[in-house]
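Colleague: Please read through the structure below; I'll follow up with questions.
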Protein chains: 2
Amino acid sequence: MIDNPYYSHEFHGDYDLVSVGRLDLEEGGSIPDCQLAIATFGTLNEAKDNAILVTTWYSGSHQIFRDVYIGPDHALNPDKYFIVVINQIGGGLSTSPHNAAGANADIGMSRFPCIRIGDDVVAQERLLREHFGIETLQLVVGGSMGAQQTYEWMVRFPGKVRRAAPIAGTAQNTPHDFLYTKALVEAIISDPGFKDGEYSSNADVIDGLKRHAGIWAVMGFSTEFWKQEVWRALQFESKEAFMEGFLEPYFTAMDPNDLLCMAWKWQHGDVARHTGGDLAAALGRNEATTRILPINEDMFFPVRDHETEQALTPKSELRVIDDVLGHLGLFGVAPTYIGQVDQHLNELLATS
Amino acid sequence: MIDNPYYSHEFHGDYDLVSVGRLDLEEGGSIPDCQLAIATFGTLNEAKDNAILVTTWYSGSHQIFRDVYIGPDHALNPDKYFIVVINQIGGGLSTSPHNAAGANADIGMSRFPCIRIGDDVVAQERLLREHFGIETLQLVVGGSMGAQQTYEWMVRFPGKVRRAAPIAGTAQNTPHDFLYTKALVEAIISDPGFKDGEYSSNADVIDGLKRHAGIWAVMGFSTEFWKQEVWRALQFESKEAFMEGFLEPYFTAMDPNDLLCMAWKWQHGDVARHTGGDLAAALGRNEATTRILPINEDMFFPVRDHETEQALTPKSELRVIDDVLGHLGLFGVAPTYIGQVDQHLNELLATS
């Protein structure tokens, strides 16, 4: 276990840790005491039928949803819905390699087992049902790896999801994404300070984490983001200052093993494993009214990959978000971004 | 100096080393005895006005032009033209960090000076004039870094270039490309075996060179290349086999310092340094009839970046090459690729 102050209330505000008990894992092994960090907004009604689940992305937490996506002026309106953001396993706030202790002491650091998107979704369903008594969801929504979890909900628990909105992510990870994630992983594990996952502090792996940030810079934003110097809107004076003041500190604060846990999960995301590799059969299970929301400038979850899956998904429609930031448009930096998301989610939530 | 068998006639066939003497460099310092490796095809006519110059890309040599682009059935027809392919400085065949010896012994390995695209073009012009007596070129053509050199010819020696065809490359390197190249560089220099450029063999840096290949896999091909498993056309059975059997051996055979020399040059390519940063003024110098040839699936030299520069280039027209391989379509793997290039070059060569 490592004490990393980034994963704390100081940096992430209010959240609660809820145990779902022992979680047996798809790839074998288990998490003896799986704790999920959740943040809730609004009030669960008596019928317990006004809940929305928000899932998190690689390196993300509930924080960005609280700050950008959720509020009385947004589609994710806590005056109307009970919104539960569940931080993914391995993300640093929920049970993760760096914080495994107590009952989880045997799976700390390099011994943490491989986690699947499906493991997260099983744990989430259990939490919602056992902790809140929620049996159906008005909406499941998430971006990137959160979209992977959204698709997993659609395929695994079709009766429980009334509406779904995967943003900038796919049901079946693409080979290009696999290679991209591989490059991210190698940037970290090649750092001599990584010591096969048994470093004593994330600071030991700072060079690898910076290279990891450098690869995110190439793929996470669009070519046009850099050309138009959109980082100026964030009050930086050069792309170097933006890297040193934003993207590098963002990732170097994080735990390497936690990032690697998420990276493996991302690489292996595939709803078709439920149907013997038949993606059409898997997506065909969907019963939720669905809006599939790619970002037009996304370099690694391109629009056409969403189009392919949309064509296989019943009750779904495609709505393309225009954002020069590309994939990391998910951060909501562009003033025009959240309005588009709100419009699409409002339209979706207005369906019966 | 390192004896690397990859940079030899065994791997690259026929070529000649021609010295252009001492080359003073834009960034300061000089190459005491600058030798350029050239391969020629066809015969220079008496008027010495039937010459075509072909420039080379990052990690490339004359070999790919000999095997794919040049021949009696191609636009680059040695029955009609005298075609000179000049390997770039730092590329491993011409004077480069790994082979600097004799008069160049003081600039070997990590002591090799920074080379600009302009240094290459000055050396090329000198070689063509002094060695062959060539004063004007029917065509300058090259891809990627070869396109950078082509633009440099257009801006630096406008009276000498009758026609020009930059393929999949820009006159002014983009910030995104700078960051992409930075990630490539860091994959190499972070390898402990690199030893600040004083390794004893490229094999010492094999892990870094493999990571470098892994990042090329993400950006060099298109997302659709991987999704459609286009590597099957090259007789591989999996993307892993393609990496291990093609892209990794391709780069691990090369010299790290040579790659870094080219990477720095690529990063700093900018014809606007001739005009105080005014790109329009620089490109406005062009007198050559020009075809600008982006590849539609290129991830890091996207079509729109070519469009921007085309609009600033007199006598130029844009022709987009369709190739799912993306940037590395330049290798000519797709059977439909070279036909498109030939069509555009034939059209160009038919202009008066």
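The values are calculated or read from the model by the stated rules, or taken from the named source; none is laboratory data. Remember, predicted model here, so these are calculated numbers, not experimental data. A quick note on method: Cβ atoms are made from the backbone with ideal geometry, for glycine too, and the neighbour counts reach across all protein chains shown. Just so you know, the surface numbers come from the protein's heavy atoms only, side chains and all, with ligands and any DNA or RNA stripped out. Shrake-Rupley method; radii C 1.70, N 1.55, O 1.52, S 1.80 Å.
Colleague: Using only atoms on other chains, find how many Cβ atoms lie within 10 Å of each Cβ of peptide A:297-307 and report the average.
Modeller: 2
Colleague: Can you list, shortest first and in nm, the gaps between the label point of B:A105 and those of its counterparts in the other copies, using a point 7 Å from Cα in the C-beta direction?
Modeller: Distances to the matching label points in the other copies: 6.4 nm.
Colleague: State, as an integer percentage, the relative contact order of chain A based on alpha-carbon contacts under 8 Å between residues 6 or more apart.
Modeller: Relative CO of chain A lands at 18 percent.
Colleague: So if I average 1/r over every pair of distinct C-alpha atoms in the range A:39-142 and take the inverse, what Kirkwood radius in Å does that give?
Modeller: In the range A:39-142 this quantity evaluates to 14.6 Å.
Colleague: Amide H neighbours of B:L139 under 5 Å, counting only residues 5+ apart in sequence or on other chains, H built in-plane at 1.01 Å?
Modeller: Here B:L53, B:R162, B:R163 satisfy the definition.
Colleague: Residue-wise, which Karplus ³J(HN,Hα) couplings in Hz belong to the range A:265-271, taking 6.51 cos²θ - 1.76 cosθ + 1.60, θ = phi - 60°, and x for glycine or proline?
Modeller: Per-residue couplings from phi come out as 4, 4, 4, 9, x, 6, 5 Hz.
Colleague: Okay, next question. For the range B:285-326, take N as its residue count and report Rg(C-alpha) divided by 2.2 N^0.38 Å.
Modeller: Computed over Cα atoms of the range B:285-326, the ratio equals 1.18.
Colleague: Additional query: Among rounded, prolate and oblate, which fits chain A when a ≥ b ≥ c are the square roots of the eigenvalues of its C-alpha gyration tensor, a/c under 1.5 means rounded, and a/b larger than b/c means prolate?
Modeller: Rounded shape, in that the Cα axes give a/c under 1.5.
Colleague: What are the nm distances, shortest first, from A:T308 to its equivalents in the other copies, labels at 7 Å along Cα→Cβ?
Modeller: Copy-to-copy label distances at A:T308, shortest first: 3.0 nm.
Colleague: Right, here's the next one. Taking only protein heavy atoms and a 1.4 Å probe, what accessible area per residue, in Å², does the protein assembly as shown have with all protein chains in place?
Modeller: Averaged over the residues of the protein assembly as shown, the accessible area is 34 Å².
Colleague: Also: Of the DSSP beta bridges with both residues in the protein assembly as shown, give the percent that are antiparallel, rounding to the nearest 5.
Modeller: Taking every DSSP beta bridge with both residues in the protein assembly as shown, the antiparallel ones total about 35 percent.
Colleague: Still on this model: 5 Å is the cut-off here: which amide hydrogens, built 1.01 Å from N in the peptide plane, fall below it relative to A:I292, excluding neighbours closer than 5 in sequence?
Modeller: A:E317, A:L318, A:R319
Colleague: Would you compute, for the Cα atoms of the protein assembly as shown, the largest minus smallest coordinate along each principal axis and list the three values in descending order, in whole Å?
Modeller: 94, 49, 48
Colleague: Now for a different question. What's the percent breakdown of Cα-Cα distances in the range B:233-299 across 10 Å bins, shortest bin first?
Modeller: All Cα pairs, binned at 10 Å, distribute as 15, 23, 32, 19, 11, 0 percent.
Colleague: Could you check the simple spin-label distance between B:D196 and A:R126, using points 7 Å along Cα→Cβ, in nm with one decimal?
Modeller: Result: 5.4 nm between the two label points.
Colleague: Among B:A100, B:A47, B:A183, determine the one that fluctuates most according to a GNM of chain B built with springs between C-alpha atoms less than 10 Å apart.
Modeller: B:A47
Colleague: Classify the range B:1-97 as rounded, prolate or oblate from the Cα gyration tensor: take a ≥ b ≥ c as the square roots of its eigenvalues, call it rounded if a/c is under 1.5, otherwise prolate when a/b beats b/c and oblate if not.
Modeller: In terms of gyration-tensor shape, oblate.
Colleague: Pairs A:K210/A:K265; A:K265/B:K265; A:K182/A:K315; B:K182/B:K315; A:K227/A:K315; B:K182/B:K239: which exceed 27 Å Cα-Cα?
Modeller: In this structure, A:K265/B:K265; A:K182/A:K315; B:K182/B:K315; A:K227/A:K315 exceed 27 Å between Cα atoms.
Colleague: Now for a different question. Given label points at 7 Å from Cα along Cα→Cβ, what nm distances, shortest first, separate A:P32 from the same residue in every other copy?
Modeller: 6.9
Colleague: To continue, here is another question. Tell me, what ³J(HN,Hα) does each residue in the range B:251-257 have, in order and in whole Hz, if you take phi through Karplus 6.51 cos²θ - 1.76 cosθ + 1.60 with θ = phi - 60° and put x for Gly and Pro?
Modeller: 8, 6, 6, 8, 8, x, 5
Colleague: Can you compute 3J(HN,Hα) from phi for each residue in the range A:79-93, using the Karplus curve 6.51 cos²θ - 1.76 cosθ + 1.60 with θ = phi - 60°, rounded to whole Hz and x for Gly and Pro?
Modeller: Once θ is set to phi - 60°, the couplings for the range A:79-93 become 6, 10, 10, 9, 9, 10, 9, 10, 6, 5, 4, x, x, x, 9 Hz.
Colleague: Taking a quarter of the surface of the convex hull around the Cα atoms of the range A:186-264, what do you get in nm²?
Modeller: If I average the Cα hull's projected area over directions, I get 5.3 nm².
Colleague: Taking all pairs of distinct Cα atoms, average 1/r, flip it, and tell me the Kirkwood hydrodynamic radius of the range A:124-209 in Å to one decimal place.
Modeller: 15.4
Colleague: Right, next: Tell me whether the range A:200-352 comes out rounded, prolate or oblate; compute the Cα gyration tensor, take square roots of the eigenvalues as a ≥ b ≥ c, and use a/c under 1.5 as the rounded threshold.
Modeller: Verdict is oblate for the range A:200-352.
Colleague: Relative contact order (percent) for the range A:74-143, with alpha-carbon contacts under 8 angstrom and 6 or more residues of separation?
Modeller: After rounding, I find 16 percent.
Colleague: What does the structure give for B:99-112 when I average, per residue, the other chain Cβ atoms found within 10 Å of the residue Cβ?
Modeller: Across B:99-112, the average partner-chain Cβ count within 10 Å equals 0.
Colleague: In addition: Can you give the average number of partner chain beta-carbon atoms within 10 Å of each beta-carbon in peptide B:187-195, as a whole number?
Modeller: Mean shielding by partner chains, rounded to a whole number: 2.
Colleague: Springs between alpha-carbon atoms under 10 Å, Gaussian network over chain B: tell me which of B:H62, B:H327, B:H12 tops the mean-square fluctuations.
Modeller: Judging by the Gaussian network model, the answer is B:H12.
Colleague: Please list, by residue number, everything in the range B:33-49 whose backbone N is under 13 Å from a paramagnetic label point 7 Å out along Cα→Cβ of B:A103.
Modeller: In the range B:33-49, the label zone of B:A103 (backbone N under 13 Å from the point 7 Å along Cα→Cβ) covers B:33-36.
Colleague: Moving to a separate point now. Carbon and sulfur together cover what percent of the accessible area of the protein assembly as shown at a 1.4 Å probe radius?
Modeller: In the protein assembly as shown, the share of accessible area belonging to carbon and sulfur is 48 percent.
Colleague: Quick one: what does P(r) look like for the range A:300-352 with 10 Å bins over all Cα pairs, in whole %?
Modeller: P(r) for the range A:300-352, in whole percents per bin: 22, 46, 30, 1.
Colleague: Using alpha carbons only, how many angstrom separate the centre of the range B:181-229 from the centre of the range A:314-335?
Modeller: Going from one Cα centre to the other spans 31 Å.
Colleague: Return the long-range amide H neighbours of A:E297 (sequence gap of 5 or more, or a different chain), with a cut-off of under 5 Å between placed amide H atoms.
Modeller: For A:E297, whose amide H was placed from the backbone, the distant partners under 5 Å are A:D323, A:G326.
Colleague: Can you give the calculated 222 nm mean residue ellipticity of chain A, where each DSSP H run of n ≥ 4 adds -39,500 (n - 2.57) and the sum is split over every residue, rounded to the nearest 500 deg cm²/dmol?
Modeller: The per-residue figure over chain A is -9000 deg cm²/dmol.
Colleague: In addition: What nm distance separates the two modelled labels at A:A350 and B:T136, each placed 7 Å from Cα along Cα→Cβ?
Modeller: That separation, rounded to one decimal, is 6.7 nm.
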